[in-house]
Ligand code: PLP
């Protein structure tokens, strides 16, 4: 198994060993409540006082407030509540207070959501105004100039979590001053800590939230700086902890750990300086350029944190890169961790006006200032391995096989590529339009001719254009050099030969099977488009391939049966016993070929064989017909493997299981 190369530091970081020790100290020997006046309490209070004093020095808090919070989201709430409550008071007193809540269009969602929430709750009735950014992700100062006179609050992050873009805070301050704006200014400093110099009290900034887990402290601890004299209202009232600014018994383990991180930052030995980070970044960038010709960086590196690289590779969706990186043990993300589960193009890149393909294929790679040379070497080496893996052939065949069936899905539609390796020819059926350039690139890379493009008209048009663009020979529609073949039921139909197979056209459904002279004695696959009922001439074991990527994976057998989901799940803990009890079990890795190439899987001495989900219909035909050994499917997270096991069981193959939770839990 690969050692993990964690390059997702903007989502969260590994905890510094000194921080772990400090947390254990606060949980163990110095477990006291810092508010207690006895010795145990006093010993704990020292931790709190020292952490705060260090934090004040690190951020340059001057005579401002500095309180510990549960994280940046809480710090943001507190700042927003403080501003809006002072707005409310001024509204009630009939004083002017501005009418706009201005926030950068690329802020973390915690900012606009908090503004909207408290504006609604307090009935302040201000208007939220997104401050646009330019193509490099920097705030449009010309727009700010227009908004500033009417702004009650302005929120502009110090550095963006997705792109690393560093804001021009001096420029923003200048505009606010020139406009004589009374706006209170919050700067989300989450991604700046440890990466940019901070001297908050010497700036115009009124509120600055921080989060511990973005710099090697645990999750659930953060802090908020408030400029001396800026309005302040506690978010949490109660026992008066944190000088009444944030009640509730302190998270002492978190504060101790955060304190240890801040101390390390102040001492300057663990965390590397800006120039060293730039050298590391440039090496990673170089290895990415070599690995992915055509790569584009989504923000100019000279305006970005030296620890964040956001890039897109033409022809590769974010998911493709992430899956291969993950298989190789490199952890990166497509954007912010909060939106990782929503497979949507990045709103940050869209706000920058980047073309949709770049927003939909963006990958964020981020390391912390603690990353040393050895780590960067390992990261570069692993990136090289990924680029080789991405060259793995999705049309690879078992040594004895000549033809294959690849499923190409996109946006809920399923398409099919019937191909013959000897002839280097393929036929596309129901190709989904959004998958057109992917199919064309594949055909071009493998030197295939597209003999026919059948099915869905929109998909056909898109594929023809993509093939033309890429210079791949193709024939649109049903070719002219057709033959008449006899079908198994005595009827005859027009058919084309693809290697040793016939593809027959029976009223717009396409039947595929091994050729026997001029006959197609047995229909192995029927491509039936949107039809729900099997077409004429199908055999009992024909696989019906549809044009929708639905719950049934886009294909099904002639008969299905109910599946007891519990029976097919194998927990990682149960796997060892299962494999011992079934020594003939076959592990099947259903990840795509590139993922398998990047990180082949061996579990308990069993080497997994690769049958990508996109080739499952091809392989399942034989499994369903012939039966055989128990199959244990596996994949990255357990999603795709569950689909494969369920699909086989649905069609009567009872010996199908999958590793629940994915390989990450099993190795
Ligand atoms: N602001 C930025 C820029 C962030 O990156 C994050 C975390 O992703 C947050 C705010 C929220 O921080 P927390 O998780 O501490 O609430």
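Derivation of every value follows stated rules applied to the coordinates shown; laboratory data play no part. All values derive from a computational prediction rather than experimental measurement. Cβ sites come from the backbone with ideal geometry, for glycine too, and all protein chains shown count toward neighbours.
What the table below lists for this structure:
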read-out: Mean-position separation - Cα centroids, segment 522-593 and segment 66-133, in angstrom; value: 52 Å
read-out: Value at 222 nm in deg cm²/dmol, rounded to 500, when DSSP H runs of n ≥ 4 in the chain each add -39,500 (n - 2.57); value: -10500 deg cm²/dmol
read-out: Order of 274, 566 - criterion: other Cβ atoms within 10 Å of each residue's Cβ, fewest first; value: 566, 274
read-out: Relative contact order computed over the chain (Cα-Cα under 8 Å; 6+ residues apart), in percent; value: 11 percent
read-out: Residue order, fewest to most surrounding Cβ atoms within 10 angstrom, among 121, 511; value: 121, 511
read-out: Label-point separation in nm, residue 14 to residue 109, each point 7 Å along Cα→Cβ; value: 2.9 nm
read-out: Linear extension gain, residue 518 paired with residue 639, 0.36 nm per residue minus alpha-carbon span; value: 39.3 nm
read-out: Linear extension gain, residue 140 paired with residue 49, 0.36 nm per residue minus alpha-carbon span; value: 28.7 nm
read-out: Spacing of the two label points (7 Å from each Cα toward its C-beta) at residue 269 and residue 42, in nm; value: 3.0 nm
read-out: DSSP bridge orientation in segment 102-209 - percent antiparallel, rounded to nearest 5; value: 20 percent
read-out: Förster radius 35 Å - calculated FRET efficiency between residue 576 and residue 533, Cβ distance, rounded to 0.05; value: 0.20
read-out: Simple label model, 7 Å out from Cα along Cβ direction - residue 278 to residue 424, nm; value: 4.8 nm
read-out: Convex hull volume per residue for segment 99-232, taking Cα atoms only, in Å³; value: 112 Å³
read-out: Förster radius 60 Å - calculated FRET efficiency between residue 4 and residue 560, Cβ distance, rounded to 0.05; value: 0.90
read-out: 0 to 90° range, to nearest 10: angle between helix 616-626 axis and the chain longest Cα axis; value: 50 degrees
read-out: In range of the label at residue 331: residues from segment 1-22 whose backbone nitrogen is under 12 Å from the point 7 Å along Cα→Cβ; value: 4-15
read-out: Residue order, fewest to most beta carbons within 10 Å, for 6, 525; value: 6, 525
read-out: Chain lengthening between residue 89 and residue 374 when straightened (0.36 nm per residue, less Cα-Cα); value: 97.0 nm
